[in-house]
1. Quick one: in the stretch 65-82, of everything that is under 29 Å from His17 (Cβ atoms) and open to solvent by 100 Å² or more (accessible area, probe 1.4 Å), which residue is modelled with the lowest pLDDT?
2. What number of residues within the stretch 8-41 satisfy the criterion of being aliphatic (A, V, I, L, M), modelled with pLDDT of 95 or more and open to solvent by 50 Å² or more (accessible area, probe 1.4 Å)?
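The values are calculated or read from the model by the stated rules, or taken from the named source; none is laboratory data. These numbers come from a predicted model, not from an experiment. Glycine also receives a Cβ, built like all others from the backbone with ideal geometry; neighbour counts cover every protein chain displayed. Please note that ligands, DNA and RNA were not included when accessible areas were found on the heavy atoms of the full protein model with its side chains. Shrake-Rupley method; radii C 1.70, N 1.55, O 1.52, S 1.80 Å.
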Amino acid sequence: MSVAGKIADELDQLHAHEVSPGMAAVALDLAEAIDSTEVPGVKAKAAHELRSIMADLRKLAPVEAKGDAVDDIARHREKRRAEARQQASGE
């Protein structure tokens, strides 16, 4: 996969077009520039700038509410309690 393709995927995951559409567009342009040149100096400069922009976009990305270990334990506990209530009621 091209650099632009990988960056586009990450921008989607970060919801970057919603949070900062301008920075997202610049990041994609830089990634496409990396793909379109064979000049090492141009690639290096574009990669440096792209890295900086992507770091900023990662900081701006909304935090997704994914469960952690505590949530997993609570979910398992509730499942066991529901099963115990069901057995106690004779169902």
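1. Ala65
2. 3
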